[in-house]
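Structure first, then comments.
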Amino acid sequence: MKITIHRGTNQIGGCITEYEQDGWRVFVDYGEQLPGNEHQKLEIDGLNQGDLSKSALFITHYHIDHVGNIEELSESLQIYMGEVSKEILCELSNHLKTISNKKALLVKRLESVKTFKAGEVIKFGNFLITPFTLDHSAFDAYAFKIEAGCLKAFHTGDFRTHGFRSGKLFKLLDKYVGKVDYVVCEGTNVARPEVSNKSEHELQTEYEEAFRNNKGSIVYVSTTNIDRLFSLYHAALKVGKPFYVDPFQKRIMDIVTQRDNLWGKSRLYKYGKYEPIALKYDKNEYLFTKEFEDFINEKGYVLMARATDRFDNLIDKLPGEKKTYLSMWHGYVEPKFNSYNPRLVKSLDEDTLYLHTSGHTDMGSLFRFFEALNPKAIIPIHTDNPNRFANLFSNRWPVLLLNDGDYFNPIDDSRVDGVTSSIFAVKELKSDIKVISFENSEKCYSLDAKIIGNFRNEKDALFGLHAIQYAPKRILGYSNDEEEDMEPSIINTYTSNLTLNVNGIYGNGKHSPGGEEFQTSTRFQPGDGVLCVLRHLNVVFPAIYEGPITLDSLKEWYDNDEMSKIYYDSFEDFVKEGLWDCDWDSVIVRPLVKIDNEEWYDKMLVRRPFVFPYKQFDI
């Protein structure tokens, strides 16, 4: 499964991700870039050029930075999105088509867009795609489980864990998704620690109190933030205030209440004692009649406003004291941000109160999210600070930092022999391993080995290692192992800075006595300090390097190893039948620690590729 991030590795919005296997391509999202990003059209085979017959585009949700450029795409390209999401986008585009030719073209392109339902498995070529609805500020937003062969990726889309519909997220992940190989994850808020992530329930309670204490309340909120609109509606309903929206907002709310979707039984998306009241207008002005004035003087009001002259003129006419609230990201009203909206600032008054919570997940919740999915690696997108994302999570999970246009190409390891890439880090010694003695305060560590994938060749494997960030304070090295008929044929290991440690090529007895590479020299000299990896014991220990394997050292090891004497009648049989070529490529070391284990000796044989330069770790 070749995963390519065409755009989105270092910016929020405009993301385009491709999953490809054997010529079949699944793309996710094709939206507009947000202000402040360099706007350029990408030429992508299988999406907007070349053969489209084995391609499909899946849309996570209706926000323009995820779907806003699909009108550029050929009618022959299959596009899928959620049913309600499509309907809301159609309504939004129809509303704007008279003032935007781009929206008019979008309306036309949406006619051929196919829809899916949550949990419905879609088979497309070699892929199985399962959409899961997640909570986001856009209603009917989806993540995708994308499977090809034995590989499984999870593409999060935009989501959060503090919304009205987040309660069952982790049960969903446990029951229907499970462990995955790779997560392509949004990181919008990684560089926004000041962003509020209070729950939508908490925010609704705050608005309810505010509406109760103020006769007139005006809230600036995104029209397509469905949950917020309904939350504010129910807050107004509870305190007995009429709830006013413009006709477009009312149509959007009607779409949600009238559809039998996954959340159709929720009271949040049902109208109560009275419905939201759509404002009426004549020509370019909202009607302000004596009857309307008397009604709001008696009942009070809650008004959903937008930054337009029409709303400004209406608000100027509203009688009595009124309180204004902003329920959008604060970046729209702060000049330092590229999304600064001077028109919105003009509509707000000096006493506007900021009451908002983010439509994106906080970083703390992502830890629990990744624990549930337990991926081999995480690929951050939809973030303007991928390095900070890596710093937050790479002590627990490998984080793959790609640039736009880069690809990561793991293969289904059940299909072909390939190159297996692993990371070697150290961690505190497990409690069940007892250290008997040590020299000069030396430490023994448990091995923290992470397999990041199986690859078709060394080039793809090495690219993945160069792009991976994992446990930088604990990293020891890396390995790329290749097998043939279950026996190692190549073992390349690399130091923590990815310089080659050992290039081990095995087969045909090269390293056995009499072979051309018997007792191959190493980078170390007798007496050098080294760190050794024993993979079968998951231990990393300090030692003094003594030299390459000899028959005498092997005989001593055989005499001490009871299991070998059970399986082989003699040392000669053991030498003849018991060793792979890579076993002969071993060296003699003297451990500087002694642990309570029957396989631990005063002199140890360690495979040459797994002997690394000495270093100390502070963990």
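The values are calculated or read from the model by the stated rules, or taken from the named source; none is laboratory data. In this text the structure is predicted, and so the values were computed from the model without any measurement. Glycine gets a Cβ as well: all are built from the backbone with ideal geometry, and neighbour counts include every protein chain shown. The area values use the complete protein model at the heavy-atom level, side chains included, leaving out ligands, DNA and RNA. Shrake-Rupley method; radii C 1.70, N 1.55, O 1.52, S 1.80 Å.
Applying 1/(1 + (r/R0)^6) with R0 = 25 Å to the Cβ-Cβ distance of residue 440 and residue 538 gives a FRET efficiency near 0.55.
Leaving out ligands and nucleic acids, and using a 1.4 Å probe, what accessible area per residue does the range 315-409 come to in Å²? Mind dumping the intermediate values first?
On the way: 4410 Å² over 95 residues.
Heavy-atom SASA per residue in the range 315-409 reads 46 Å².
With 0.36 nm allotted per residue and the present C-alpha distance subtracted, the residue 466-residue 432 stretch has 8.9 nm of extension available. Over the C-alpha trace of the range 162-279, radius of gyration and Dmax come out as 16.9, 54 angstrom.
The portion of the accessible surface of the chain made up by carbon and sulfur, rounded to a whole percent, is 47 (1.4 Å probe; DNA, RNA and ligands excluded).
At full extension, residue 354 and residue 396 could sit 11.6 nm farther apart than now, given 0.36 nm per residue minus the alpha carbon distance. Here residue 7 sits with roughly 20 square angstrom of accessible surface, probe radius 1.4 Å.
Ordering 459, 179 by accessible surface, largest first, gives 459, 179; the 1.4 Å probe counts only protein heavy atoms, with every chain in place.
Given a cut-off of 21 Å, what percent of all Cα-Cα pairs of the range 72-204 lie beyond it? List each step's numbers first, then the result.
Values: 4653 of 8778 pairs.
In whole percent, the share of Cα-Cα pairs in the range 72-204 beyond 21 Å is 53.
Take the Cα of residue 96, step 7 Å toward its Cβ, do the same at residue 518, and the gap between the two points is 7.6 nm. Summing Cβ point charges (Lys, Arg +1; Asp, Glu -1) relative to the Cα centre of the range 556-613 gives a dipole of roughly 420 debye. Size of the range 400-541 from its Cα atoms: along the principal axes, largest to smallest, the extents are 49, 44, 27 Å. Ranking 587, 475, 296 by how far each Cα lies toward the positive end of the dipole of the chain (charges on Cβ) leaves 296 at the top.
What shape does the range 494-562 have by the C-alpha gyration tensor, where a ≥ b ≥ c are the square roots of the eigenvalues, rounded means a/c under 1.5, and otherwise prolate means a/b greater than b/c and oblate the rest? Verdict is oblate for the range 494-562.
Calculated FRET efficiency, residue 407 and residue 174, Cβ-Cβ r, R0 41 Å, to nearest 0.05? Each step should come with its number before you reach the end.
Working: r = 30 Å, r/R0 = 0.74.
Plugging the Cβ-Cβ distance into 1/(1 + (r/R0)^6) gives 0.85.
Taking 0.890 mPa s as the viscosity and 25 °C as the temperature, the Stokes-Einstein diffusion coefficient of the range 477-619 based on its alpha-carbon Kirkwood radius rounds to 155 µm²/s.
Placing unit charges on each Cβ (+1 for Lys and Arg, -1 for Asp and Glu) gives the range 461-542 a dipole about its Cα centre, and among 515, 462, 490 the Cα reaching farthest toward its positive end belongs to 462. In the chain the Cα-Cα distances spread across 20 Å bins starting at 0 as 17, 41, 25, 13, 3, 0 percent of all pairs. Computed from the Cβ-Cβ distance with R0 of 60 Å, the FRET efficiency linking residue 278 to residue 562 stands at 0.10. For the range 1-105, the equivalent ellipsoid built from the Cα gyration tensor has semi-axes of 23, 16, 13 Å, listed from largest to smallest.
A probe of 1.4 angstrom, applied to the heavy atoms of all protein chains, finds residue 517 with accessible area near 60 square angstrom.
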